[in-house]
Amino acid sequence: MGYRISVDTGGTFTDIIVFDEATGSLHIGKALTTHGRIFDGMREAIAIVAEELRRPVPDLLSETDVLIYGTTRATNAVVTKRTAKTAFLTTKGFKDTLTFKEGGKHGPHDYTYDYPDPYIPRRYTFEVTERIGSQGEVVVPISEVEIDEIIATLQVRKFEAVAVSLLWSIANPSHELAIGRRLDALLPGTAFTLSHELVPILREYRRASATAIDASLKPLMQQHLREMSADLRAAGFAGDLLVSTSVGGCQQVDELIARPINTLKSGPAMAPVAGRAYAALEGLGDNAIVCDTGGTTFDVGLVRDGSLVYSRDSWLGQRWLGDIMGTSTVDVRSIGAGGGSIAWCDSGGLLRVGPQSAGSIPGPACYGRGGDLPTVTDAALYLGYIDPAYFNGGRLKLDAAAAARVIERFAAEDGSPPDQVAAAIMTVANELMIKAIGEITVSEGLNPRESVIVAGGGAAGFNIMPIARELGCATVILPRLAAALSACGMQYCEIVFEATRSRFTESNAFDKAAVNAALAEIAAEVETFRSRFKGAERAHATTRFIVETRYRAQVWELDTPLSVGRIETDADVDALVEAFHQVHERVYAVRDEASPVEFVNWKGRIAIKLFEPPPPPPSVAVAYAPDPDSQRSCFFVETGRRQTGIYRGQRLLAGAEITGPAIIEEPTTTLVVYPGLTAKLSAAGNYLLTCA
Amino acid sequence: MPVTSDKASISPIDPVLMTVLANRLDGIVREMTNTLLRAARSAVISSARDFSCCLVTGDDRLLAPAEGLPVHIFGCHIQTANMRRYHGADIRRGDAYLDNDPYGGNTHPADHTYMVPIFIDGEHLFTSVAKCHMADIGNSIPSSYFVLARDVYHEGALVFPGVRIQRDFKNIEDIVRMCRARIRVPDQWYGDYLAGLGSARVAERRLEELCAKYGVATIKRFMEDWFDYSERRMVESIRRMPKARLVNKGHSDPLEGILPGGLELTVKLEIDPDEAIIHVDLSDNPPCVDVGLNTSLGAATSAVVGAIFNALEKDVPRNAGSFRRLRFTYAEESVVAAPKFPHSCSVATTNVCERLVNITQSAFAQLGDGHGLSEGGTGLGVGMAVISGKDHRRNDAPFVNRMMLSTNGGPSSPVADGWVNYAIPVIASLMYRDSVEVDELKHPLRVTSLSLVPDSAGAGRHRGAPAQEIELTPTGNDVTAVISCDGQHAPPRGVVGGYAGTAGSTWRISPNGDISRLPNVIQLLLKNGESVRGRDSSGGGYGDPLDRDPKRVHHDVLEGWESREKARDIYGVVFIGAIEDDTLAVDEAATGARRTELRTARTTV
C-alpha cells in the first residue's frame, strides 16, 4: 500500500492532495507556485503533508504509485505570449481566418476598445496554392515545389513550430499530409500540427485556432513535461506520472507532448470531476452545479445525469475576443469576480460591485498593501466573517482597521449604516455569481432547483449559502478540502481519450455506410489508444459514442449520445433522431418532429479506470450540536450585529450540526452559516449545507 | 444609496433588491436570446444575429432589452400597444401574437415579431417580445430585402398587423398555413417561428416564477423605481455634455434610373444639459419614395437612439425610463420615420437607417475631440447577399438565405480603432461570421478568396477598420444573389480631422476572366463558371493621422493592414528594418521630421 498524489498548479498556489492508501485518508498541502521551476513549489506542498504523515519527502515519493499532475504551464505561456515562434500555413486566399475569428462583440454601444490580434500574426501566415472542395474533391492541386519553397522560408526565418490548417482537410486530408511529409523531410525535429489530425471538425476558424495553439505549445510543453518527469524521478518517484487534461481525465506524458492543447484549462476541468464524486458519495443525485471560487475568478461547471458536460466553445481569454480552443473540453465558465472586486456607487445612486478589481496587488484595503477602495473582502472582514489573524490559514494577517476605514467612509457618503452597506456589497457581489450560474444552467437546460451545488475554492464559504438560496438549490456540499477542489478531482479521474471524425449526413438520406466507416475509424483509434496504454488491459474501460447534431439549417449543434456503436437499421437511425429531439427539447424547450436532422461530427470517448477512487471514510455520523470554540461580533441582515459562534472545523466530528448564524473555520477555507440555515458534517467529511 | 433591511417595504424599493431584480430580468432576456440564437434555423438569425428579445410592461413601456440589435430598440412598445388596441379584452394567458406591420411600430415586414402577453394573478403585467428577421417573408422576389419595391403590392410581403397566432398555447393553424402556403422554404420559416415563440414562452415561465418569489406588489414597485433610476442615469449623462445644436447631413447611394442623386438625409440634435433633454428632429427629410427605402418610425427612431447611446456613458440602461429624456420631431410624411401607405418599407432597417446611425454618431463629433464617432462602413455587399436557387446536390431542393461571410469595417472613436467584424451600422458588430465551410456545405457555392484589403482603412489618430474582399462562384445550378448595398458611392466619412474610409464595389467575373463593375443594388443571376467579387467599405478615421501613435502605425504595417508607403505619406511615420526578419522599427527622428514636413505642406496649400 502506498500513496497517490494529485497536484494542481495554479497561477498563485500549488495545491496537492495525498491519498494514503493504507488509511484511506486524504491530506491537503498548499504552497506558492514557483514559476521558474514548478517542481520546487510542488515539493514544498508535498513537504507539508509529509510532515503531517511523519514521512520524509523522498520516502513519500518513492512509495507513491501514481502522481497526477495538473499544469497551467501552457495556459501561462499563452497568456504571457511566450509560446514558440509559429508559422500558420493555410489555403491561398484565406490568410485572415485567424484574424476574422467568428465575430461577436460585447456591448453594442461600447467603442472604447481595439479589435483583438490574431493568435498568429498575419506576417507569420503563409498561403499555399491549393483547394479542396466541400465534397473532398481537389479543386486546385497542391504543388510540392511551392511547399518546399515555403518550408525553405520557414527555415531561413527560424520558425520553431508550424500549424497547418487547410480548407476542407477534413473531407480530404491529402494536401495537409503532403505538407506534413515535406516538413518531416526538410525540417526534421521541428514541431508541427495538421488540423485534420488534431481536430477533424467542420468550421475553418475553430480548426485553425486549435491547430495554431497546439503547434505553438509543442516545443515548450515537450521540454516542460520531460523536465518535470526527470525532476520527479530524481526526487525518488518511480510510479506512473499522469497529466490531467481539459476533458476532465488524465493521460500519459507522451500523449500530451503530442497534443499539448489538451493540457489547457485542465485545472478547472477537474472541479466538476470532484463535484460528481462528492454528489455521488453523499447520495445527492447526479445533477450538480460545481462552483470554484478563487481570489479573482469564479468558475462554474456542471454535472448532468452523472456525466460531465462538454463544449466546443471554450476560449482562451474572453469569448469572441480571445482564441477559441476548438477542442471538446469540459464546459467551465469563468468570470472575473472575487474578493478583490471594488464597490462603487453609480450616477443613478445604485451600489455596484466590479468589474474593476483591486486584484492581489494592491489588493483589498485590509491586505495593507496600499489598497484604499472598498472591496468584497473588506466587506466580509467588516461583517466579522473573517478572522483577521486566521485568513488563508494565518498566512496573511489582515488589517481590520483599514477595512473599517474604507467601508465606513463609503457608507458615510450618503449616511447609511456601514454594516448595512457591507452586507449590501456582499449581496450585489453574489449577483455576479448568480448570473454566471444562470448562464451555464440556462444554456445547458439544467434546473438549479433539481441540482445540488458543490462548492470549492478558498473563498467559496463566504457566500455560497445565500447564492444557493437565491437559486432555489436546497443543498450545498462544501468538502473539507474545498480549497483544493481540482486536485481532489484528480483523485477520482480516469484516463480519458477522445477520437473525432467529421462525417456530414442527414436523417432523411442517412448514409449508414459512411457513418459506420467513421465510427469504425473512431473505434479503431480508441482501441489503438487503449492497447498502447500500459496497465490498461486489465483496467475497466467504457467507450461512449456521441454525435454533434442539429436540425436542418441550424448552425449550432448539440451533443447527442449514440446507444449503439454502429448504425445498422432504420430503427437505429430513428432512435438516434429521437435522442436528438429529446436533447433539443431539454435545452431549448421545443422539438420539431417534421424537420430533417443533420449529423456533423462523430466522437468516441473512452474512459479507462486506472485506479480506484478513495473510499469514503468508515466513520459513522452521530448527530450532535457542538459548542462553539469562541465568539465574535458578526453582522447579518436578518439579526443585526451580535456575538456569533465560531467553530474550529478540525475539532468537529461527523454528525456535527450547526445552525446559523455561525462561522466554521477550516485551515484552508471559511464557511459562513447564515441565520436560519444549517450546516452538517457528513460521515464522508463534507459539510452539507441546507439552504432552503 | 439608502439601504434598508426591511425587504418587505416597497416604497421606495430597497436598492439592493432593485439590483437583484434588475439582474433577474436581464437573466430572463438573456435566456430568451440564447434560446432563439441556438434554436433558430436561418443563418440570418443564428449567425447574423438579426433578432432581438425584450420585455415590455403590460401598459406598453420598454422594460428590459437584451444586447440585441440597436435598430430593434425602439418600437416594440408601439406593437404591444397595437396588440392591445386590436384585441381589447380578448387577450388572455396562452395567447401569442404575430406582428410585422411597418406602419404599426415594427421595423420592417421581414422582422416577424412574436408577442406573448404574460398574466400574473389575472393581470396582464408584461409582454415578452421576440423579433426575428426571417430569411423569407413571401415577397415577390426571393429576398426579404427589396430595394426596388414600388409599393407594398410590388413588394409582396405577407403583413400581419398584431394577428393572434396562438390561443391556449396552441397554434392557430390558419395563420401557420397562410405562412406555409406563401413563404419560400416554409420549414425554415416554421423552425424560426418555433425558436422565436419558444423564446417568448421561456420569458413567460420565468416571469411567473419571479412574481411568485417576490410578490406582484414588489415587482410593480420595482418597475417604477427602475424606470426612475434609468432616467436619473440618463439625466446625469446628458448633463455632462455641452449645450449645443447639431445639424448633420449625409447621402445615401443613388439608385440607377430612380434616385440618381441618392437621398440627402438630415438629423438635427439639440442637446439641453440644463433640462437634461436631447431633442431629435428628423422632420427635415425628403418625402416618401417609390422604392423600398422608406424607413418606419420604429427603425428610424431606433437608428438615431442607438447612435445617441453610442455617445453616452456606455452602461446607461436602455428602457422607457431613459427614453423619457429624448424628444422626437417627425415629418408628416417622409422617407425618414414617416412612411405613408402604400409606400414600401422593405429595407427600412438597413440602407437609410445605416446612414442615419452614421449621421447621428458623427454629429456628436461636432462637439469637439473626445465626442462622437466617425462613420462606419455601410452596405450589405456580396458577402452579405441574399442567395437563392436549387441545390444540385440535394435533388434540386430550393434554398434561400442571407450570408454573413464578409463585413464592412467599423468606425473609430476618440480612444479606439475600428472593429473588423462590424457588418453595418445597425448591426454594430454583434453578428457572428459565417464559416466558409458551413456555407459551402449548405449552399452550392464555393468561396475562392476572403481577405482584408490593405491600405483601405480611413486614416486617423484612430483608424477605421479596413475593408474586406470576397469572391465566390456557383458549383452547380445558377444562383441568384440579391445585393441591396448602400455603400458604394458615398464612403464613410472621418471626423475631427480623420480621413474618409473607402467605398465598396461589386464586380462580375465572366468565365473568360473579364471583370465588369455592377450597380450597388442588383438582383444577379450567377451562372456556373462566373464569379462575383465584392468589396465592402471601410470605417472612417477619428482625429488627425499625423497624431497617430507611431506604435499603432508600426503594428498596422507589421500586420499588413497599412503599407509602408501609406505610413510615410499619410501618417508621417518612417521605418527602418524589414518585416520579414522581425527588425522593422520606427525611425523616430525621420518620423518627427516627416510629420513636421507634412504639417507645413498643409498650411502652405
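A few notes on this one:
- Criterion: more than 29 Å from the chain's Cα centre (by Cα) and modelled with pLDDT of 95 or more - qualifying residue of B:Lys220, B:Lys213: B:Lys220
- Selection from region B:87-108 of residues that are aromatic (Phe, Trp, Tyr) and either surrounded by 24 or more Cβ atoms within 10 Å (Cβ to Cβ) or under 15 Å from B:Thr127 (Cα atoms) (or both): B:Tyr97
- Within region A:103-117, tally of residues that are without any contact (Cβ under 8 Å) to a residue 60 or more places away in the chain and over 24 Å from B:Ala307 (Cβ atoms): 1
- Restricting attention to region A:67-84 and to residues that are modelled with pLDDT of 85 or more and of a type in the set (A, V, I, L, M), the residue that is farthest from A:Glu494 (Cα to Cα) turns out to be A:Ala84.
To keep it simple, each residue is scored yes or no on (1) assigned to a helix (DSSP H, G or I); (2) of a type in the set (Gly, Ala, Ser).
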site	(1), (2)
A:Gly11	no, yes
A:Asp15	no, no
A:Asp40	yes, no
A:Arg43	yes, no
A:Ala47	yes, yes
A:Pro58	yes, no
A:Tyr69	no, no
A:Val78	yes, no
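- For A:Cys345, the criteria (1) in contact (Cβ under 8 Å) with a residue 40 or more places away in the chain; (2) out of contact with any Asp or Glu (no Cβ under 9 Å at 6 or more places or on another chain); (3) surrounded by fewer than 22 Cβ atoms within 10 Å (Cβ to Cβ) hold in every case but one, which is (2).
- Looking across region A:350-383, just one residue is in contact with a Phe, Trp or Tyr (Cβ under 7 Å, 6 or more places away or on another chain), surrounded by fewer than 24 Cβ atoms within 10 Å (Cβ to Cβ) and either among the β-branched types (Val, Ile, Thr) or part of a loop (DSSP other than H, G, I, E, B) (or both), and that is A:Leu350.
- On inspection, B:Gly198 qualifies as at pLDDT below 95, small (Gly, Ala, Ser), within 25 Å of A:Arg449 (Cβ to Cβ) and surrounded by 17 or more Cβ atoms within 10 Å (Cβ to Cβ).
- Considering only residues in region A:194-229 that are in contact with a Gly (Cβ under 9 Å, 6 or more places away or on another chain) and not in a helix (DSSP H, G or I), the one that is nearest to A:Ala163 (Cα to Cα) turns out to be A:Leu194.
- Scanning region B:176-195 for residues that are of a type outside the set (Lys, Arg) and either crowded, with 19+ Cβ neighbours inside 10 Å or not in a helix (DSSP H, G or I) (or both) turns up B:Cys179, B:Ile183, B:Val185, B:Gln188, B:Trp189, B:Tyr190, B:Gly191, B:Asp192, B:Tyr193, B:Leu194, B:Ala195.
- Those helices (runs of 4 or more DSSP H) lying entirely in region B:292-384 with at least 2 residues buried (at least 24 other Cβ atoms within 10 Å of the Cβ) and charged (D, E, K, R): B:351-363
- Pair list, Cβ < 6 Å and 6+ apart or interchain, from region B:303-317 residues that are farther than 14 Å from A:Gly107 by Cβ to residues that are in a helix (DSSP H, G or I) and at pLDDT below 95: B:Ala303/B:Val71
- Scanning region A:438-449 for residues that are of a type in the set (A, V, I, L, M, F, W, C) and either within 10 Å of another protein chain (Cβ to nearest Cβ) or not in a helix (DSSP H, G or I) (or both) turns up A:Val442, A:Leu446.
- Restricting attention to region A:118-139, the residues being assigned to a strand (DSSP E or B) and touching a residue at least 12 places away in the same chain (Cβ under 8 Å) number 7.
- When we screen B:Ser412, B:Ser388, B:Ser362, B:Ser456 for residues that are facing another protein chain (nearest Cβ under 10 Å) and polar (S, T, N, Q), the only hit is B:Ser412.
- Pairs, first outside the structural domain of B:Trp419 (by TED's automatic domain parsing) in region B:460-481, second among the small types (Gly, Ala, Ser), C-beta under 6 Å, six or more apart: none
- A search for C-beta distances below 6 Å between a residue of region B:192-204 that is within 9 Å of chain A (Cβ to nearest Cβ) and any residue that is acidic (Asp, Glu) and assigned to a helix (DSSP H, G or I), counting only pairs 6+ apart in sequence or on different chains, returns B:Val202/B:Glu31.
- Beta carbons closer than 7 Å, at least 6 apart along the sequence or on distinct chains, pair a first residue in region A:410-435 that is facing another protein chain (nearest Cβ under 9 Å) with a second that is of a type in the set (Phe, Trp, Tyr) and assigned to a helix (DSSP H, G or I) for A:Val421/A:Phe410.
- Hits in region B:419-441 - residues which are part of a helix (DSSP H, G or I) and either at the interface with chain A (Cβ under 7 Å from one of its Cβ atoms) or free of Cβ contacts under 8 Å to residues at least 24 places away in the same chain (or both): B:Val436, B:Glu437, B:Val438, B:Glu440, B:Leu441
- Counting only strands (runs of 3 or more DSSP E) wholly contained in region A:529-615, the ones carrying 3 or more residues that are more than 26 Å from B:Val44 (Cβ to Cβ) and of a type in the set (Lys, Arg) occupy A:597-609.
The values are calculated or read from the model by the stated rules, or taken from the named source; none is laboratory data. Model, not experiment: these values are computed from the prediction. Neighbour counts are summed over all protein chains in view; Cβ atoms, including those assigned to glycine, are modelled from backbone coordinates with ideal geometry.
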